[in-house]
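Okay, so here's the structure we're looking at.
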Amino acid sequence: MATASRTVDALVGADLVRREPDPQDARAVRVVLTARGRREHKVRYDRFLRALERLSNDLSEVERRQLADALETLGRLFAEPEPQVRASSGRPKS
């Protein structure tokens, strides 16, 4: 948790993100991109796509399809909200 907080502090300091109150939970904050953060994300995303395109030129058609499927799966997994973790009482479940 402390590492995540320091990371967000650094991103806020670089004007890439800002913290906002979470409308669903008064105890939480949301971290959202600033205009500069959106521009930086686009630059890095475009750079990633160009590199991926160069690398995929060396793949067979089957390998390209496998890579596309794997990237689609990763995208879906990262887009899903993380499950809520409940605190445990330390007792085994029966």
**Message:** Condition (residue is open to solvent by 100 Å² or more (accessible area, probe 1.4 Å) and modelled with pLDDT of 90 or more) applied to the stretch 29-37: is it met by at least one residue?
**Reply:** yes
**Message:** Cβ-Cβ distance below 6 Å, separation of 6 or more or different chains: which pairs start in the stretch 20-43 with a residue that is closer than 17 Å to Ala10 by Cα and end on one that is in a helix (DSSP H, G or I)?
**Reply:** Val31/Val8
**Prompt:** Checking His41 against (1) within 21 Å of the chain's Cα centre (by Cα); (2) loosely packed, with under 10 Cβ neighbours inside 10 Å, which test does it fail?
**Reply:** (2)
**Asked** If Asp15 satisfies every condition in (1) open to solvent by 60 Å² or more (accessible area, probe 1.4 Å); (2) in a helix (DSSP H, G or I); (3) at pLDDT 95 or above but one, which is the exception?
**Response** (2)
**Request:** Go through (1) in contact (Cβ under 8 Å) with a residue 12 or more places away in the chain; (2) open to solvent by less than 80 Å² (accessible area, probe 1.4 Å); (3) not in a helix (DSSP H, G or I) and name the single condition Leu59 misses.
**Result:** (1)
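The values are calculated or read from the model by the stated rules, or taken from the named source; none is laboratory data. Please read all numbers here as calculations on a predicted model, not as lab measurements. Glycine also receives a Cβ, built like all others from the backbone with ideal geometry; neighbour counts cover every protein chain displayed. What goes into the accessible areas is simple: the full protein's heavy atoms, side chains included, and nothing from ligands, DNA or RNA. Shrake-Rupley method; radii C 1.70, N 1.55, O 1.52, S 1.80 Å.
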